[in-house]
Amino acid sequence: MTEKNFLTKALTKTALTRRSFLKWSAALGGTAALAGGLGYGLKAVEAAAEQAANEGKWVPAACWGNCGGRCYNAAYVVDGVVTRQKTDDTHPDSPDFPQQRGCARGRAQRHRVFGADRIKYPMKRAHWEPGGGDKSLRGRDEWVRITWDEALDIVASEIKRISETYGPNSILWGTEAVGAYCGYINTWGSTSSGTWAYTAPRVFGSQSTMGNDRLDMRNSKLIVMWSTDPTVCSAGSPAYHYLLSKRAGAKFIFVDPFYNWSAQVLADEWIPIRPGTDTAMLLAMGYVLISEDDPENNPLIDWDFVNRCTIGFDKNNLPDGADPEDNYKDYVLGLDRRGRVAAEGHKNYPPKTPEWASEICGVPPEKIRSFALEIAQTKPVAFMEGDASARINDAQTMGQAFTAIAALIGSIGVSGGGFGQTRHSAAGNRGPNLISAGSANTVLESLDNLCELRINNNEFWDAVLTGEYTSAVNEKTQVNIQMVYHTKGSHLQTKVGQARGIQAMRKVEFALATDFHMATGCRYSDVVLPVTTMWERDNYITNPNREALFWMNKVVEPLFEAKDDDWIDRQLGLRLGVYDPAVEEISDKQQSFNRIAGATVLAADGKTKETLVTITQEDLDALSVEGTPQTGLIPVMEYFEKGTYQVPRQDGDNFSYIANQAFREDPEANPLRTESGKVELHCRVLAEDIYNLGWSKIRPIPEYIPAKRGYEETFSDWKNKVKGPYPLQMYNKHYWRRSHSEFDNVLPLRELFPQEFNMNPIDAEARGIKDGDMVKITSSEGSSIRRVCLTERIMPGVTNLPHGAWTEFDDELGVDKAGSDNYLEAPVPTVEGHSGFNSQIVQVEKWDGPRLLPDSQWPQRIPIKEV
Amino acid sequence: MNIREWTLPIYTILTQLSVGTLFLIWVIRALGRMKWGAEKVDQSIKIPLFIILTTIIFAIGFAHFHLSRPYLSFLALRNLQSSWLSRELLANLLYIISVIILLYILWFVKGHQRLKTILGWMAVLFGFATDYCMSRIYLLPSQPAWNTLLTPISFLLTTFLLGVVTIPVLMMMDLIFKRSQEQDNQALHAQFIEASLGWLAAAASFLCILMVIVISFQIGALFSGSTAAQTSLRLLTDIYEPLVLLRLVLLFVAVGWYVATALQLRQKKVSVGKLLPHVFAVCLLVMVAEILGRFLFYAIHVRIGI
Amino acid sequence: MAKQLAFYFDASACTGCKACAMACKDKNNLPVGINWRKVFDYGGGGWIQHPAHPEFMIPNNVFVYSTSTACMHCEKPLCAEACPAKAIFKRDDGVVLIDKDLCIGCRYCEWACPYGAPQFNEELGVMTKCDFCQDYLAQGQNPACVDQCPQRALGFGELDELRQMYGNINAIEPLPSSDISHPAIVITPHK
Ligand SMILES: Nc1nc2c(c(=O)[nH]1)N[C@H]1C(S)=C(S)[C@@H](COP(=O)(O)OP(=O)(O)OC[C@H]3O[C@@H](n4cnc5c(=O)[nH]c(N)nc54)[C@H](O)[C@@H]3O)O[C@H]1N2
Ligand SMILES: Nc1nc2c(c(=O)[nH]1)N[C@H]1C(S)=C(S)[C@@H](COP(=O)(O)OP(=O)(O)OC[C@H]3O[C@@H](n4cnc5c(=O)[nH]c(N)nc54)[C@H](O)[C@@H]3O)O[C@H]1N2
Ligand code: SF4
Ligand code: SF4
Ligand code: SF4
Ligand code: SF4
Ligand code: SF4
Ligand SMILES: [Mo]
């Protein structure tokens, strides 16, 4: 309760009244004031309901965050306070025309926006001094409230001082103002789609044109779900679309180390596989298809497609100048250039038989064979994947091997087929948008970042610590980073090597963060600036999927002293002299209005575009924006109040999407955006580009390379199968509680979704670990302690630490106590510089120290306890 | 320590202690009248009865800590149709009222022996009714650890055991009190204690053995029961094992002490006047053991299903 | 016409996402520790050595499904039978409600209910539980949990009608036997 006292005291100093704060916090439940009003006797309940029905107003409210979903959300605002939320009820629900229902996180959004742990005003670290002061106190210092002017002056002067002292390449990350003043170093490397980010454009031309739309998916006979869990990772509608495919008759097979939440509803079969070994399995499937195909009696391969639409399948089908041994077929069958079985030591050795693969991937050989046959003999098959199996060190060829199977079985360009990414916002419904917003018509041009230096995600913390990074093949370059600016990304939390990151944060001279809550980056900074959430802004327009367009309103005025990022950066830029004070950007509200005024909807013919909203002069006056009256499908005020327009759909409409149909029909006329215009099972560009990045030399075909920190490295002696110091594989599943690190602080979500370490009972028993014990998980980077949840869901030998928990690094114990994935993840720069989060090896033991309280009982991170 | 966790163990144990003791007092009264005459016997049970009454009132008062809104406790009488809790409360109130009346007429009304006897047995009856309703509360299909005949049986055993160990304490207290008042009643008390302590100690041993048998049946039932029952068992053996052992040890020490005291008395190694510390210790140990036992009873119940 | 409102739950569609549980928490302002609607993952099976290749471990009937439950608004509400203060009562439409003005906080209903539905609010000092979103029903709206479910795994309606549509199953593992309190629920089992 001291929290409450502190807050009320603090609040009297801001423009906000004590009353309104009490209202907010009471509205979060658990406080007698309001709950008492709503919770008591029957008469009181009825009265309260009636009152609520009359008094408040539903406002369409954003649900943002990088969660893969975009669902409808509305906030019930009574007298400036949000007392409850709801999801889509803007039209009756039906399978063809479904509501855009949200997940638990969306429904908990008000706990995030109004949480007692919101950062309320600018703050600096108590022992901060220009140049840093005692830098080792970062992460455990007290916080002091300062004014915006003070804060911005500190930031501006530190930027000036550091860029003048250490030169242009001394600031890591930044904003437009910093970029225009002195430039900032950016980091690079795929974190999200793993190696697909590099592989897909080169092998297939794009990753976004692989799957079909949701109504066409009901035509599938078999849907393969390879390392994907749309239920969790594309919460909202996609899992429902898949359920409808299932009810329309599709069989589902999941290939995954974890019997995930999508599998529990959809799977007819589950093939458990070790993380990071998918390429081996895919190659063996290719081996089965090629060696058992008999066009007459047992047609397995879609030769028509392979011959017309791919290159690199065999040695007769290679680009000029290619090594004839670098073709898919010979590599898979293990043949040399003369077509004989290659000898040991030859680069195509050994044949990629199911037996060869199964030793690596853990799937028994018969299963590999029967699975390959089943997908080849069933038509049509949707051969789908998430990108988790490509978030693996050295996995550059996973996407190519996967694409090869899709091509061999002919799933590309057919109804009921499709292949590739069904992850994040791409899950369950692909195809171009049926409704799109127009332009914001902003007046200011964005300024360039003066610094061109980019450091790879696997090297930047080391670059801070050691002053060196890889700049080209066999080439290291010096760099002196003295400032870190955390904004709109939780780099210290979501990038690999957090243990080193914490050290790095204690080395630089200045660190700044802007955020809503004391997330990890803020915690280790010197100055923290509070930003407004989307509920306090006027500019949230988004396509939840191809069928709808949302325009979410501002729900409340900015809380406490929170400011928009744009405002902050402008004030900073004015201090740094990069902006002309006389020229201002048009308001967020005007920008949003412009985008909606210009929004278009595809007409029922599937070709013409119609204007979305009708605007009258009265509307312009009511919204107090500038514009011209126009005629459209619905009145702008109705759209504004609903916050959504969704294109009605039904079977047989003109909006269905079958990816790559034209390419399949005539690949010459409709080439892919690859070098050859075809599907590249031999991809020269991929090998060349990866070589030029400086870490690896790969072949242009989908060669299997054991991942660093993959299954093979759990052995100290692979031949004799002797386990090494880190005998278990670990990966990070994206998890219900959070969208990455966002939402981790939300108490009801902490309660509903505990952050637990998953392991199979067999591995636990071998270590004397019981369900619910506290365990210590150790990798080469350090240790983390957590409660263990034993489950048959996960394959023996594999463990899972759900992704994104805010580290609670204990300086005394030297361990992380939150189960922070990246505390254990080591940066391993390989091939294309992506982050191989899912290839990690660990040891696990019982932790005999004190048990941790459930996360929902941990104190909230409220930075200033007393004012 | 959370006071709420202890309200029910203490309330139920004290109530059962009072019922068991009252019952024994009335049995003794019935037997004693023949030997010493009604008036004299009644004189010597007034103070014990008074102590019993205070105990019940304390118990029911203490039980209010169990409620979040104790000032509304009277509402608990609203559901006599179906709630065993309502019924228990009613029985308990009748029990208290009858003990008050009994005490009143014992104290202030001369003669009327028949009335006194009947009233006494009525109070005993209400006491046992309270005990019965109390045990019925726990016969819930959703709570397998409770939902067996063993619950009322163990409640009853506890009631008798507590009576058996409490009686001599009350007698001794009365004795000491009377001595301090220089009223001469010691002959009666001394005689009574000399006559009965052996029997009481034997009864205590017997009840204690029954108790162990019931406990083993209870564990057996949990062992072969549903998942919930097995979870209860795991609680008992994993977390609460020390408490279970402590309870048994306390019981055995107490009963051993009891038997030893009785033997010493018989062999005249100790005089009646010096017994109080012994019987008091025995009573206290049993009470603590039973409160622990009851605490365990509450601590290990696990709902079926989810 | 005997009326009994009831929930419908489709275990074959439920992903265990807990959106329903959060919707309930939000709508009813429930603090941490109180969850009128709860979701459980229930699983079984195990891992065995592959009969032909003992070096492989293979799953043997590993399964998991989720159940989402709230108060079952039972036809034989044991909670109401137990409540000494008659604070719990069954309305004409079958909805079982707690009149918090009458609750003395004895927590007997908590023991009696086979589903863990009644949950005590320490701060208010009264027992609370799912009230079928009676205020929403009165306004012709659906319960908050039902409207939130992304999988359309929850429904509600007249018990008889639900039975006609979806059958008579009213208990699946790990729920207790329906004989105890005759829960007003219709369930489509997982498989
Ligand atoms: N070990 C491991 N690490 C992973 C992954 C994994 O699987 N395992 N997954 C990876 C993947 S796929 C991804 S996409 C990345 C995501 O990595 P990030 O993008 O870094 O993750 P978020 O948690 O979304 O970080 C967003 C941060 O910005 C803040 N924020 C949000 N909106 C605003 C705003 O408007 N203004 C300001 N100033 N701040 C804002 C949020 O509060 C939050 O702190 O993580 C990667 N990291
Ligand atoms: N709730 C929630 N949703 C999110 C996010 C979040 O943080 N939280 N993040 C969003 C973002 S930015 C992204 S990129 C997506 C991520 O989406 P995904 O990459 O699909 O997410 P994951 O759940 O990590 O992994 C999907 C499945 O792959 C399995 N898997 C992991 N490694 C391997 C492997 O090596 N081989 C095989 N065959 N399977 C493997 C996992 O067990 C899991 O079942 O999710 C998005 N949605
Ligand atoms: S999936 Fe994402 S957008 Fe949808 S409700 Fe959940 S958090 Fe919000
Ligand atoms: S589920 Fe429990 S609380 Fe609800 S009516 Fe049935 S017995 Fe009562
Ligand atoms: S806690 Fe309240 S509602 Fe429950 S039984 Fe007791 S008085 Fe009745
Ligand atoms: S009906 Fe209402 S109160 Fe009951 S579980 Fe659903 S949301 Fe909660
Ligand atoms: S919202 Fe629906 S799918 Fe999610 S847990 Fe609840 S019932 Fe299951
Ligand atoms: Mo991502």
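Which of the residues that make up segment A:139-169 are out of contact with any Pro (no Cβ under 9 Å at 6 or more places or on another chain) and among the hydrophobic types (A, V, I, L, M, F, W, C)?
A:V144, A:V155, A:A156, A:I159, A:I162
For C:A87, state whether it is within 15 Å of ligand 4 (Cβ to nearest atom), out of contact with any Ser or Thr (no Cβ under 7 Å at 6 or more places or on another chain) and over 16 Å from C:A171 (Cα atoms).
On the way: within 15 Å of ligand 4 (Cβ to nearest atom): yes; out of contact with any Ser or Thr (no Cβ under 7 Å at 6 or more places or on another chain): yes; over 16 Å from C:A171 (Cα atoms): yes.
Judged against the criteria, C:A87 is a match.
Give the residue, chosen from A:R738, A:R709, that is within 16 Å of ligand 2 (Cβ to nearest atom), under 25 Å from A:Q860 (Cα atoms) and either among the hydroxyl-bearing types (S, T, Y) or touching a residue at least 24 places away in the same chain (Cβ under 8 Å) (or both).
Values: A:R709 fails: under 25 Å from A:Q860 (Cα atoms).
Answer to the selection: A:R738.
Let's see how each residue does on (1) closer than 24 Å to B:P9 by Cβ; (2) under 21 Å from the mean Cα position of the chain (by Cα); (3) part of a helix (DSSP H, G or I); (4) within 14 Å of chain C (Cβ to nearest Cβ):
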{"site": "B:L49", "(1), (2), (3), (4)": "no, yes, yes, no"}
{"site": "B:R87", "(1), (2), (3), (4)": "yes, yes, yes, yes"}
{"site": "B:K110", "(1), (2), (3), (4)": "no, no, no, no"}
{"site": "B:L125", "(1), (2), (3), (4)": "no, yes, yes, no"}
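Report every pair of residues separated by at least 6 positions or lying on different chains whose Cβ atoms are under 7 Å apart, first residue within segment A:61-88 and more than 16 Å from A:T542 (Cβ to Cβ), second of a type in the set (S, T, N, Q) and modelled with pLDDT of 95 or more.
The qualifying pairs are A:A75/A:Q85; A:Y76/A:Q85; A:Q85/A:N73; A:Q85/A:Q109.
Tell me, which residue of segment C:6-46 that is surrounded by fewer than 24 Cβ atoms within 10 Å (Cβ to Cβ) and among the hydroxyl-bearing types (S, T, Y) is nearest to the other protein chains (Cβ to nearest Cβ)?
Once the filter is applied, the top-ranked residue is C:S12.
What are the pairs, 6+ residues apart or on separate chains, where a residue within segment A:472-489 that is at pLDDT below 90 has its Cβ under 8 Å from a residue that is assigned to a strand (DSSP E or B)?
A:K488/A:T514
Take the residues of segment A:792-831 that are among the hydroxyl-bearing types (S, T, Y) and in contact with a helix residue (DSSP H, G or I) (Cβ under 8 Å, 6 or more places away or on another chain): which is farthest from C:D41 (Cα to Cα)? Talk me through it step by step, then tell me what you get.
At the first step, the residues of segment A:792-831 found to be among the hydroxyl-bearing types (S, T, Y) are A:799, A:807, A:820, A:823, A:830.
Cutting the leftovers down to in contact with a helix residue (DSSP H, G or I) (Cβ under 8 Å, 6 or more places away or on another chain) gives us A:799, A:807, A:820, A:823.
On the way: A:T799: 19, A:T807: 27, A:S820: 24, A:Y823: 29 Å.
Here the answer is A:Y823.
Is at least one residue of segment A:146-168 touching a Cys at 6+ places or on another chain (Cβ under 6 Å) and either part of a loop (DSSP other than H, G, I, E, B) or over 30 Å from A:Y240 (Cα atoms) (or both)? Give the steps one after another, and end with the answer.
The initial filter retains those residues of segment A:146-168 that are touching a Cys at 6+ places or on another chain (Cβ under 6 Å), namely A:163, A:168.
Next, only the ones that are either part of a loop (DSSP other than H, G, I, E, B) or over 30 Å from A:Y240 (Cα atoms) (or both) stay: A:163, A:168.
For segment A:146-168, residues touching a Cys at 6+ places or on another chain (Cβ under 6 Å) and either part of a loop (DSSP other than H, G, I, E, B) or over 30 Å from A:Y240 (Cα atoms) (or both): present.
Can you tell me which residue in segment A:282-329 is surrounded by the most Cβ atoms within 10 Å (Cβ to Cβ), limited to those that are farther than 23 Å from A:I412 by Cα and modelled with pLDDT of 95 or more?
Applying the filter and picking the extreme gives A:D326.
For segment A:455-557, list the strands (runs of 3 or more DSSP E) that sit wholly inside it and hold at least 1 residues that are within 16 Å of ligand 2 (Cβ to nearest atom) and within 14 Å of chain C (Cβ to nearest Cβ); which are they? Working first, answer last.
On the way: elements: A:468-472, A:475-478, A:483-487, A:510-515, A:527-530, A:540-545, A:548-552.
Strands (runs of 3 or more DSSP E) meeting the threshold: A:540-545.
Starting from residues that are in contact with a helix residue (DSSP H, G or I) (Cβ under 6 Å, 6 or more places away or on another chain) and among the small types (G, A, S), keep the ones in segment C:105-154 and report whichever is nearest to ligand 2 (Cβ to nearest atom).
Among those that are in contact with a helix residue (DSSP H, G or I) (Cβ under 6 Å, 6 or more places away or on another chain) and among the small types (G, A, S), it is C:A144.
Would it be correct to say that A:F371 is more than 14 Å from chain C (Cβ to nearest Cβ), of a type in the set (F, W, Y) and not in a loop (DSSP other than H, G, I, E, B)?
Working: more than 14 Å from chain C (Cβ to nearest Cβ): no; of a type in the set (F, W, Y): yes; not in a loop (DSSP other than H, G, I, E, B): yes.
Judged against the criteria, A:F371 is not a match.
May I ask you to say which residue of A:D117, A:D79, A:D89 is acidic (D, E) and within 17 Å of C:C145 (Cα to Cα)?
A:D89
Could you list all residues from segment A:72-118 that are of a type in the set (A, V, I, L, M, F, W, C) and more than 8 Å from every other protein chain (Cβ to nearest Cβ)? Outline the logic, then answer.
Filtering segment A:72-118 for residues of a type in the set (A, V, I, L, M, F, W, C) gives A:74-75, A:77-78, A:81-82, A:97, A:103-104, A:108, A:113-114, A:116.
Across segment A:72-118, the qualifying residues are A:A74, A:A75, A:V77, A:V78, A:V81, A:V82, A:F97, A:V113, A:F114, A:A116.
Taking the criterion of being touching a Leu at 6+ places or on another chain (Cβ under 9 Å), surrounded by fewer than 22 Cβ atoms within 10 Å (Cβ to Cβ) and more than 14 Å from C:C145 (Cβ to Cβ), would at least one residue in segment C:56-72 satisfy it?
No, segment C:56-72 has no match at all.
Residue by residue through segment C:1-19, note down the ones that are under 20 Å from C:Q119 (Cβ atoms), within 16 Å of ligand 2 (Cβ to nearest atom) and in contact (Cβ under 8 Å) with a residue 60 or more places away in the chain. Outline the logic, then answer.
Kept after step one, since they are under 20 Å from C:Q119 (Cβ atoms), are these residues of segment C:1-19: C:7, C:9, C:18-19.
Next, only the ones that are within 16 Å of ligand 2 (Cβ to nearest atom) stay: C:18-19.
Result: C:A19, single match.
From the list C:C79, C:C106, C:C83, which residue is hydrophobic (A, V, I, L, M, F, W, C), more than 9 Å from every other protein chain (Cβ to nearest Cβ) and more than 30 Å from A:E355 (Cβ to Cβ)?
Working: C:C106 fails: more than 9 Å from every other protein chain (Cβ to nearest Cβ); C:C83 fails: more than 9 Å from every other protein chain (Cβ to nearest Cβ).
Answer to the check: C:C79.
Here is a yes/no grid of residues against (1) crowded, with 23+ Cβ neighbours inside 10 Å; (2) touching a residue at least 60 places away in the same chain (Cβ under 8 Å); (3) within 16 Å of ligand 3 (Cβ to nearest atom):
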| position | (1), (2), (3) |
| --- | --- |
| C:E81 | no, no, no |
| C:R91 | no, no, no |
| C:V96 | yes, no, no |
| C:C103 | yes, no, no |
| C:C106 | yes, no, no |
| C:W111 | no, no, no |
| C:E123 | no, yes, no |
| C:C130 | yes, yes, no |
| C:Q134 | no, no, no |
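Given the residues A:G179, A:G132, A:G205, which is the only one that is closer than 30 Å to A:E812 by Cα and touching a residue at least 40 places away in the same chain (Cβ under 8 Å)?
Values: A:G179 fails: closer than 30 Å to A:E812 by Cα; A:G205 fails: closer than 30 Å to A:E812 by Cα.
When all the criteria are applied, what remains is A:G132.
Take the conditions of a type in the set (A, V, I, L, M), away from ligand 4 (no atom under 14 Å from the Cβ) and surrounded by 19 or more Cβ atoms within 10 Å (Cβ to Cβ) and apply them to C:A184. Does it pass? Even if it seems obvious, please write down each step before you answer.
On the way: of a type in the set (A, V, I, L, M): yes; away from ligand 4 (no atom under 14 Å from the Cβ): no; surrounded by 19 or more Cβ atoms within 10 Å (Cβ to Cβ): yes.
Here the answer is no, as C:A184 does not meet what is asked.
Of the numbered conditions (1) surrounded by fewer than 21 Cβ atoms within 10 Å (Cβ to Cβ); (2) over 28 Å from A:P859 (Cβ atoms); (3) aromatic (F, W, Y), A:F560 satisfies every one except a single condition; which is it?
(2)
Within segment C:139-153, can you find the residues that are farther than 18 Å from A:A235 by Cβ and within 16 Å of ligand 4 (Cβ to nearest atom)?
Of the residues in segment C:139-153, the ones farther than 18 Å from A:A235 by Cβ are C:139-143.
Selection gives C:P143 alone.
Looking at segment A:428-447 only, could you name the residues that are over 20 Å from A:G643 (Cβ atoms) and touching a Leu at 6+ places or on another chain (Cβ under 6 Å)?
Across segment A:428-447, there are no qualifying residues.
Name the single residue that is surrounded by the fewest Cβ atoms within 10 Å (Cβ to Cβ) among those in segment A:355-374 being among the hydrophobic types (A, V, I, L, M, F, W, C) and away from ligand 2 (no atom under 15 Å from the Cβ).
Here is the first cut: in segment A:355-374, the ones among the hydrophobic types (A, V, I, L, M, F, W, C) are A:356-357, A:360-361, A:363, A:368, A:371-373.
Still in the list and also away from ligand 2 (no atom under 15 Å from the Cβ): A:356, A:372-373.
On the way: A:W356: 19, A:A372: 25, A:L373: 16.
Out of the qualifying residues, it is A:L373.
Can you say whether B:L85 is touching a Leu at 6+ places or on another chain (Cβ under 7 Å) and either modelled with pLDDT of 95 or more or away from ligand 3 (no atom under 16 Å from the Cβ) (or both), as far as the supplied structure shows? Lay out the reasoning, then the answer.
On the way: touching a Leu at 6+ places or on another chain (Cβ under 7 Å): no; either modelled with pLDDT of 95 or more or away from ligand 3 (no atom under 16 Å from the Cβ) (or both): yes.
For B:L85, the condition - touching a Leu at 6+ places or on another chain (Cβ under 7 Å) and either modelled with pLDDT of 95 or more or away from ligand 3 (no atom under 16 Å from the Cβ) (or both) - is not met.
The values are calculated or read from the model by the stated rules, or taken from the named source; none is laboratory data. Just so it is clear, the model here is predicted, and its values are computed rather than measured. Because the Cβ atoms are built from the backbone with ideal geometry, glycine has one as well, and the counts that use them run over all protein chains shown.
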